[in-house]
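Computed from the coordinates by the stated procedures, all read-outs in this text should not be read as laboratory data. Worth saying up front: this structure is predicted, and the values here are computed from it rather than measured. Please note: Cβ atoms are built from the backbone with ideal geometry, for glycine as well, and neighbour counts cover all protein chains shown.
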Amino acid sequence: MEAAQIMETVTKEESVSKKKGISGSTLKLIAVFTMLIDHVGAAILGRYVMLSGYMDLLTTTDVNVINQWLVENATLYYVYTATRMIGRVAFPIFCFLMVEGFLKTRDVKKYALRLGAFALISEIPFDLAFSAEVLEFDYQNVYFTLFFGLLTMVAFDYIAKSKLSKPLTVLGSMLALAAGAGVAELLHTDYGAIGVASILVLYVFRKNKVWQIVSGCLVFLWEFTAPFAFIPIGFYNGKRGLKLKYFFYAFYPLHLAIIYIVCLILGIAAQSAI
């Protein structure tokens, strides 16, 4: 009887411990939701901001003209700004989950192929949603940034396991980072070089959660609200959660396509976003 009670207590404790914290799928849902708010703001409200004569403000020094525009478009501009600030939370979470995915994947080649495939699939809806063009090469979607971040982590891992001398390991790692960040910047991917570097910072400090969070906050300080992403990240419990892997992959191109369709319905699709 005593043994049974002990087993029951242990089972209850294990059950409670499993409920503590935030799973990976919950983190992804937070990232997806804040990204959706960001993209609605950028692609829909951003178009209205542009149509309201925002670009004219960039070529004038007349304070009266600027103040008049702000008075006439205050609500639109502040709501637009609020959506973009909320959206800054998404990318740090995606970077963190990218590191977790790399550490836990059974087949990094398949992982890279999925990212690369969805980067290509997402490019047309991304361009339509933000640039009003079927294909343009001035700015590429965030899947490309994540893809180059993953390849850079693969290079870091390979160099670390090569048993090189410490100076050569450091040099090789720096070259790998320069290559990954450089390609992202050259191709003008979303967040570019700093996006790849941010992924690598979280990877380097992966073994110490406190330092990972601190370094993550520091590397994202250039975006005012982005460090708030590390509040839910701090509660991550290491569990996968709901099995919705392909939902998260597919959501990115699908929601961009839907946003573009909404812009068509509203009659603002021909105008590029900010």
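Among ILE37, ILE93, ILE274, ILE199, which comes first, second and so on when ranked by fewest other beta-carbon atoms within 10 Å?
Details: ILE37 18, ILE93 24, ILE274 15, ILE199 31.
With the sparsest Cβ surroundings first, the list reads ILE274, ILE37, ILE93, ILE199.
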Under the Karplus curve 6.51 cos²θ - 1.76 cosθ + 1.60, θ = phi - 60°, whole-Hz ³J(HN,Hα) for region 31-46, x wherever Gly or Pro sits: 5, 5, 5, 5, 5, 4, 4, 4, 6, 4, x, 5, 8, 9, 5, x
√(5λ) per eigenvalue of the Cα gyration tensor, region 39-150, largest first, Å: 37, 16, 10
Rounded to 10°, Cα long-axis angle of helix 209-219 versus longest principal axis of the chain: 20
Degrees between helix 166-186 axis and first principal axis of the chain (Cα, 0 to 90, nearest 10): 30
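Given a Förster distance of 22 Å, report the FRET efficiency between THR105 and ALA250 from their Cβ-Cβ distance, rounded to the nearest 0.05.
On the way: r = 19 Å, r/R0 = 0.84.
About 0.75, to the nearest 0.05.
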Extension reserve of the THR225-ALA270 stretch, reckoned as 0.36 nm per residue once the Cα distance is removed: 13.1 nm
In order through region 224-239: 3J(HN,Hα) via Karplus (6.51 cos²θ - 1.76 cosθ + 1.60), integer Hz, x for Gly, Pro: 3, 9, 4, x, 5, 4, 7, 6, x, 4, x, 9, 4, 9, x, 8
Listed residue (THR105, ALA90, MET55) projecting farthest to the positive dipole end of the chain, Cβ model: THR105
Charge dipole of the chain about the Cα centre (unit charges at C-beta), most positive-ward option of ALA179, GLY241, LEU266: GLY241
Percentage of interatomic Cα-Cα distances in region 22-266 larger than 30 Å: 31
log₁₀ of I(q)/I(0) at q = 0.15 Å⁻¹ - region 153-220, Debye sum with one point per alpha carbon: -0.52
When each of LYS109/LYS166; LYS161/LYS207; LYS28/LYS161; LYS110/LYS243; LYS109/LYS245; LYS163/LYS239 is checked by Cα-Cα distance, pairs over 20 Å: LYS109/LYS166; LYS28/LYS161; LYS163/LYS239
Charged-residue dipole, Cβ positions (Lys, Arg, Asp, Glu), the chain about Cα centre, Debye nearest 20: 1520
Amide hydrogen neighbours beyond the local backbone of GLN140, cut-off 5 Å, H modeled: THR189, ASP190
Amide H partners (placed H, <5 Å) of ILE22, local residues excluded: TYR236, ASN237
